[in-house]
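Asks: Here it is, the structure in full.
Laboratory data are not the source of any read-out in this text; all were calculated from the coordinates shown. Everything quoted here is computed from the prediction, not taken from an experiment. Reconstructed Cβ throughout: ideal geometry from the backbone, glycine too, with neighbour counts over all protein chains shown.
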Amino acid sequence: MSELDELVETGAPQRVGSFRFFLDGHHWEWSDTVAAMHGYTPGQVTPTTELLLSHKHPDDKMAVTVVLERATRHGEPISSKHRILDTRGRVHHLIVVGDRMLDEHGQVAGTSGFYIDVTQLVEQDVNESVNEVVAELEKSRAVIEQAKGMLMFAYGICADRAFDILTWHSQQTNTKLRTVAERLVAAVATATLLPDEVRARFDHLLLTTHRTDG
């Protein structure tokens, strides 16, 4: 059993379907699942080359047209990853694979194969990528805020001026802002910058923040 056959048997019906194209008469057959991918109920329409092309995403239509032309003229194998728009305008990401279909005499009679709807996987990959970017941005923002706080404390300046200093240093040294912040935070963490009496005063301020009398 081929990998695609296994997909048909084990995959959800909404995600995997089959098709056949016959050179004799140039007619198509598709499974109910493939019809549903395009937004049709079983038997609602008869698939044709023109109908299939009308559903292709505009950005993919030219490339798919070439593939279908080879299949419909010469019964050549099909291998394509492209998008379609169903009858409601929803985008589906598809993998379409087909091989030559032979008659009882061993002559090419057409093409048969499978549609695999990978929309969910594509959307999942996109969501994961977005989440990764957001996570990275959060990390960058956190370390930059740390560095800003250090500059505010050291120089007695506001947050905007502290950010200006980080940005200036980043531009002057052609170093990413996050890298500048990370290195400053790491350097300060390993250095002893405050005299003992200053630390003691800071300790007192920290421990008395709940009081209103200082």
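Asks: Please arrange Glu69, Glu197 by how many other C-beta atoms lie within 10 Å of their C-beta, fewest to most.
Replies: Values: Glu69 13, Glu197 8.
Lowest to highest Cβ neighbour count: Glu197, Glu69.
Asks: Also, I was wondering about something else. Across the Cα atoms of segment 29-126, what radius of gyration and what greatest pairwise Cα-Cα distance (Dmax) are found, in Å?
Replies: Calculated on Cα positions, Rg and Dmax stand at 13.9, 47 Å.
Asks: Rank these for me by crowding, Trp168, Trp30, going from fewest to most other beta carbons within 10 Å.
Replies: Values: Trp168 11, Trp30 23.
In order of increasing Cβ crowding within 10 Å: Trp168, Trp30.
Asks: Given N residues in segment 21-61, what is Rg(Cα) / (2.2 N^0.38 Å)? List each step's numbers first, then the result.
Replies: On the way: Rg = 10.8 Å, N = 41, 2.2 N^0.38 = 9.0 Å.
Compactness ratio reported: 1.20.
Asks: Moving to a separate point now. Could you list Met101, Met37 in order of exposure, starting from the residue whose Cβ has the fewest other Cβ atoms within 10 Å?
Replies: The most exposed by this proxy come first: Met101, Met37.
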